[in-house]
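Novice: Supplied in structure tokens, the structure appears directly below.
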Amino acid sequence: MPQKKKPEEIPAFAYRRGSLYAGPIALETLARRFGTPLYVYRWEAIAAAYGAYEAALAGQPHLICAAVKANGNLALLQRLARLGSGFDIVSGGELQRVRRAGGDPGKVVFSGVGKTAAEMDAALAAGILLFNVESEGELELLAARAAAARRRARFGLRVNPNIAAATHPHISTGLRRHKFGLETAAAVALYRRAAGFSWLEAAGISFHIGSQILDPEPFGAALDRILKIVDKLPARPRWLDIGGGLGIAYREGERAPSIAAYLTPLRRRLAGAGFTLLLEPGRRLLAPAGVLLTRALYRKRNGGREFLIVDAGHNDLIRPVLYDAYHRILPARRPKPGARARPVDVVGPVCETADFFARDRRLPPVAPGELLAILDAGAYGYVLASNYNARPRPAEVLVAGGRARLIRRRETIDDLLRLERQVRSA
């Protein structure tokens, strides 16, 4: 009898009848209907990953707070809120996104090193769950804003555990040389000092060591250090925020730990400790559920290299340039048996040498006009898009329940120019 697949193993996209599909809908159909470049998300894959987190934490008091910075589309936030998700935010703008999507402010954790007074005021007025404080100056400002508003500010301290994780330097956050969090002695002193502020409530402690981490061991090592710090605090915090950071398998053949394999050892360490656990998944929750569709424009050869020029640019998906990130690229139509793959550079139309999605990538022959799918683009894709070269950003489409819905229209040049004003000469 075949084994039933775990919820998180539901593939978002797969070949059927020779074409790449999102559920019952061919990606080629979506590209013809909505144009390219185009982001497509499969809701069932997101819901399955969320369910896998919930299943792995069954019996443990917890709150999953989806990281808005990974993908802030209102339709996705709305559906996550309906599942019961909380949200991890890092700006006042992200708070407004959560509220516009119907998210519960009482399930919002506000992280980040540079919160302004205006952002604190908005979060206090909304009644968020927790501020993750990262410096002495921030705690002092939060105390002043809470007193002025006469609203109690519940906070946790983000501690830097000085744990190295094998990931790209730009997304590593857990070492002393990084801007995030507090050193141990400073955190303990600040926790004690907080008792002198009438409108502050010390309620949590948190850590986050980075993103796209494929080895669970550093999470356990970080947790062990945080638990030692907890023993030094004047009062035991209710909330223990272990951040996010669990990676995915971007490359063919790469292995990523299951959500259960990541969380089970942490739960064992916390048995009987009495914490309510906070998690902030982003990439693992959203990345595999999204693709960026792009059409081939031209092929050319320069200096012995072959280039495949497509209509998406690094302004649409900057991860390969910014993080040296690898994204699998598949033709929307399955290559014919025996099609010979050859190395090509997949590049965009932006006027930068750095505008590429892959270098020396072995792909089957792709003719101008053919559609390609850049996989695992559901997190840190659209949110990092820009209008460089006066390029309108792509549309976004959600496939859910067998239907495709436009959840963000494609920008126009008029959209780009609307906020600008010409100055008349004297």
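Novice: Taking only Cα atoms and a 10 Å spring cutoff, compute GNM fluctuations for the chain and point out the largest among ASN302, ASN160, ASN389.
Specialist: ASN302
Novice: Could you size up the charge dipole of the stretch 198-244 around its Cα centre, putting +1 on the beta carbon of Lys and Arg and -1 on that of Asp and Glu, and report it in debye to the nearest 20? Can you show the working numbers first?
Specialist: Values: 5 positive and 6 negative charges, 44 e Å.
Computed about the Cα centre, the dipole is about 220 debye.
Novice: Moving on to the next point. Taking the highest mean first, how do the peptides 284-295, 74-85 order by number of other beta carbon atoms within 10 angstrom per residue?
Specialist: Working: 284-295: 27.4, 74-85: 18.2.
Sorting 284-295, 74-85 by mean packing, highest first, produces 284-295, 74-85.
Novice: Follow-up question, since we're still on this one. Placing +1 on the Cβ of each Lys and Arg and -1 on the Cβ of each Asp and Glu in the chain, which of PRO24, PRO349, SER386 has its Cα farthest towards the positive end of the resulting dipole?
Specialist: Toward the positive end, the furthest listed residue is PRO24.
Novice: Separate question: Using the Cα centre as the reference, give the magnitude of the dipole from point charges on the C-beta atoms of the chain (Lys, Arg: +1; Asp, Glu: -1; all else neutral), rounded to the nearest 20 debye. Could the numbers behind the result be given before it?
Specialist: Values: 64 positive and 39 negative charges, 197 e Å.
It comes to approximately 940 debye.
Novice: Further, regarding this structure: Which one of ALA271, ALA203, ALA249 has its Cα pushed farthest toward the positive end of the charge dipole of the chain, where Lys and Arg give +1 and Asp and Glu give -1 at the Cβ?
Specialist: After comparing all options, I get ALA249.
Novice: What percent of all Cα-Cα pairs in the stretch 277-401 falls in each 10 Å bin, counting up from 0?
Specialist: Taking every Cα pair in the stretch 277-401, the percentages come to 12, 44, 32, 10, 2, 0.
Novice: Quick check on the chain: what does the Kirkwood estimate of hydrodynamic radius come out to from the alpha carbon pairs, in Å? Kindly include the intermediate steps, with their values, before the conclusion.
Specialist: Values: mean 1/r = 0.0435 Å⁻¹.
It is 23.0 Å.
Novice: Kindly give the semi-axes, whole Å and largest first, of the ellipsoid equivalent to the stretch 174-261, taking each as the square root of 5 times a Cα gyration tensor eigenvalue.
Specialist: On the way: eigenvalues 195, 32, 25 Å².
That gives 31, 13, 11 Å for the three semi-axes.
Novice: Nearest-5 percent of antiparallel DSSP beta bridges in the chain? Write out the running numbers ahead of the final one.
Specialist: Values: 34 of 70 bridges.
Expressed as a percentage, antiparallel bridges in the chain total about 50.
Novice: If you don't mind, there's one more thing I want to ask. Give me the base-10 log of I(q)/I(0) for the stretch 189-347 at each q in 0.11, 0.12, 0.19, 0.20 Å⁻¹, Debye formula, one uniform scatterer per Cα, rounded to two decimals.
Specialist: For the stretch 189-347, the Cα-only Debye profile gives -0.66, -0.73, -1.23, -1.31.
Novice: If packing is taken as the mean number of other Cβ atoms within 10 Å per residue, what is the order of 320-327, 333-340, highest first?
Specialist: Result, highest mean first: 320-327, 333-340.
Novice: For every other residue with a beta carbon closer than 12 angstrom to the beta carbon of GLU252, add +1 if it is Lys or Arg and -1 if Asp or Glu, then tell me the sum. Write down the numbers at each step before the final one.
Specialist: Working: positive: ARG251, ARG255, ARG328, ARG361, ARG362; negative: GLU254, ASP376.
Result for the neighbourhood of GLU252: +3.
Novice: Turning to a different aspect of this structure: Regarding the stretch 111-281, what is the average projected area of its C-alpha convex hull, in nm²?
Specialist: Its Cα hull, projected and averaged over all orientations, spans 10.1 nm².
Novice: Still on this structure, please answer the following. Rounded if a/c is under 1.5, else prolate if a/b beats b/c, else oblate: with a ≥ b ≥ c from the C-alpha gyration tensor eigenvalues square-rooted, which is the stretch 46-172? Write out the running numbers ahead of the final one.
Specialist: Details: a/c = 1.74, a/b = 1.25, b/c = 1.39.
Oblate, since a/c reaches 1.5 and b/c is not below a/b.
Novice: Another question about this same structure. Within the chain, how many Lys pairs that are eight or more residues apart, or on different chains, come under 19 Å at the alpha-carbon? All intermediate terms of the calculation are to be shown ahead of the outcome.
Specialist: Details: LYS69/LYS107; LYS69/LYS115; LYS69/LYS179; LYS107/LYS115; LYS115/LYS179.
Qualifying lysine pairs in the chain: 5.
Novice: Right, another one. Does anyone have the angle between helix 117-126 and the longest principal axis of the chain? Alpha-carbon axes, 0 to 90°, nearest 10?
Specialist: 80
Novice: To continue, here is another question. Okay, helix-only estimate at 222 nm for the chain: each DSSP H run of n ≥ 4 adds -39500 (n - 2.57), divide by all residues, round to 500 deg cm²/dmol; what do you get?
Specialist: So the calculated ellipticity at 222 nm is -7500 deg cm²/dmol.
Novice: A further question on this structure: Once you charge only the Cβ atoms, +1 for Lys and Arg and -1 for Asp and Glu, what is the size of the charge dipole of the stretch 111-281 about its Cα centre, to the nearest 20 debye?
Specialist: Details: 22 positive and 16 negative charges, 100 e Å.
In debye, rounded to 20, the stretch 111-281 gives about 480.
Novice: Quick one: net charge around ASN302, please, counting Lys, Arg +1 and Asp, Glu -1 for every other residue with C-beta under 15 Å from its C-beta. Mind showing how you got there, number by number?
Specialist: Details: positive: ARG299, LYS300, ARG301, ARG305, ARG359; negative: GLU306, ASP345, ASP355, ASP360.
With Lys, Arg at +1 and Asp, Glu at -1, the net is +1.
A short reminder: the numbers here are calculations on the coordinates, not readings from a lab. All of these numbers come straight from a predicted model, not from anything done at the bench. A quick note on method: Cβ atoms are made from the backbone with ideal geometry, for glycine too, and the neighbour counts reach across all protein chains shown.
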